[in-house]
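**Q** What follows is a structure written as structure tokens; I'll ask about it next.
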Amino acid sequence: MKFHQAEALILSVTDLQEADRIVEFLTRDLGKRRGVARGAKRRYSRFAGELQPLARARIEWFEKERRDLVRISAVELSRAPKALTADLESILLGAYLAEQGAVFAQEGEPAELLFRLLDTTVEELERGADRDLAARYVETWVLRLAGIFPAPSECPECARPLRGGAALAASGEALLCQTCGGAAATQVSAGAIELLRRIARESLRQLAERPPERIALGEVASIAGRVRRHFLQHELKSYVVLERTLASLKESR
Ligand SMILES: [Zn+2]
């Protein structure tokens, strides 16, 4: 049995049985871990109220070799994700950002960049960053860190520059030039290409200082979504819920 402690981001919390919960969390050095937190549901438990997605906490746990689940012995909250618990929309956004971390992080592999991406995004949201911009920033970077969505510079097939616009292959796999994309490809505007390039080199705060146009944000959302679905072969559960809810909120306004 090996003891560990690390600063972690909570990715998900699910009820196990009685008072116990399964907590999935992300660490810088050991990547993703899943563990049982006993008594976590009890009202006055030491875990109570601390386990929201993207909360930052110091976690202590024990690991047994060849065991999937670790045993969590303590969780000490260091930052509650207040901006991600304010209302329904922000709770769903938190779940969506966290699920991307959970799906793309590997167990036992260092995840310094992914940790930093999620951590600084939560900090920026606490400072009032635009939710839409934060969502596009994270989904683009998660794909980039996974090595499946480089910043667009030239067509991977003919090396023509993509600056003036591009085409998303019908398979959803890559951004090509409009000629290589063919008739079935989706046209991508120069504005969306510029935004993807800015996301690659600017921080979320820098982006917010010179906010991109809504239309480019919408395009990037659909491009990143298609690239991710092509790679995972399914949609993220939290994204489906988020989109549905946003659509019905819009209708009722
Ligand atoms: Zn080309």
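What follows is calculated from the coordinates using simple rules that are stated; it is not laboratory data. All of these numbers come straight from a predicted model, not from anything done at the bench. Note: ideal-geometry Cβ built from the backbone for every residue, glycine included; neighbour counts use all protein chains shown.
**Q** In debye, nearest 20: dipole of the stretch 129-253 around its Cα centre with unit charges on the Cβ of K, R (+) and D, E (-)?
**A** Dipole size: approximately 200 debye.
**Q** Quick one: grab the alpha carbon gyration tensor of the stretch 100-253, order the square roots of its eigenvalues as a ≥ b ≥ c, and give me rounded if a/c is under 1.5, else prolate or oblate depending on whether a/b is larger than b/c.
**A** Values: a/c = 1.39, a/b = 1.29, b/c = 1.08.
Rounded, since a/c falls under 1.5.
**Q** Here's something else I'd like to know. On a full-extension model of 0.36 nm per residue, what is the gain between residue 215 and residue 163, subtracting their alpha-carbon distance, rounded to one decimal in nm?
**A** On the way: separation 52, 0.36 × 52 = 18.72 nm, distance 1.71 nm.
Gain on extension, residue 215 to residue 163, equals 17.0 nm.
**Q** Please compute the length gained on full extension between residue 173 and residue 194, using 0.36 nm multiplied by the number of residues separating them and subtracting their Cα-Cα distance. Each step should come with its number before you reach the end.
**A** Working: separation 21, 0.36 × 21 = 7.56 nm, distance 1.91 nm.
Value of the extension gain: 5.6 nm.
**Q** For residue 247 and residue 20, calculate 0.36 nm times their separation in residues minus their Cα-Cα distance, and state this gained length in nm to one decimal.
**A** Computed gain between residue 247 and residue 20 is 78.3 nm.
**Q** Along the positive direction of the dipole of the chain (beta-carbon charges: Lys, Arg +1; Asp, Glu -1; about the Cα centre), which of 80, 40, 141 reaches farthest?
**A** Most positive-ward Cα: 40.
**Q** Let me ask something additional. Over the Cα atoms of the stretch 1-152, Rg to Rh with Kirkwood Rh, two decimal places?
**A** Working: Rg = 15.2 Å, Rh = 15.7 Å.
Looking at the stretch 1-152, the ratio lands at 0.97.
**Q** List the lysines whose Cα sits under 17 Å from the Cα of residue 2, skipping any in the same chain fewer than 8 residues away.
**A** Residue 2 reaches 32, 64.
**Q** Continuing with this model, one more query. Cα centroid distance between the stretch 183-253 and the stretch 2-38, in Å?
**A** One Cα centre to the other: 30 Å.
**Q** Suppose every Lys and Arg Cβ carries +1 and every Asp and Glu Cβ carries -1, with no other charges. What dipole size does the chain come out with about its Cα centre, to the nearest 20 debye?
**A** Using only the charged Cβ atoms, the result is roughly 380 debye.
**Q** Taking 8 Å as the Cα distance limit and 6 or more residues as the minimum spacing, I'd like the relative contact order of the stretch 129-253 as a percentage.
**A** 24 percent
**Q** Could you work out the relative contact order of the chain, using alpha carbon pairs under 8 angstrom and six or more residues apart, expressed as a whole percent?
**A** Working: 469 pairs, mean separation 38.6, N = 253.
Over the chain, the number comes to 15 percent.
**Q** Quick one: putting +1 on the C-beta of Lys and Arg, -1 on the C-beta of Asp and Glu, what dipole do you get for the stretch 181-237 around its Cα centre, in Debye to the nearest 20?
**A** That gives a dipole near 180 debye.
**Q** Restricting to DSSP H runs of at least four residues, report the calculated mean residue ellipticity at 222 nm for the chain, -39500 (n - 2.57) per run over all residues, nearest 500 deg cm²/dmol.
**A** -13000 deg cm²/dmol
**Q** Let me ask something additional. Report the percentage of all Cα-Cα pairs in the stretch 124-212 whose separation exceeds 15 Å, rounded to a whole percent.
**A** The calculated P(r) of the stretch 124-212 puts 60 percent of pairs beyond 15 Å.
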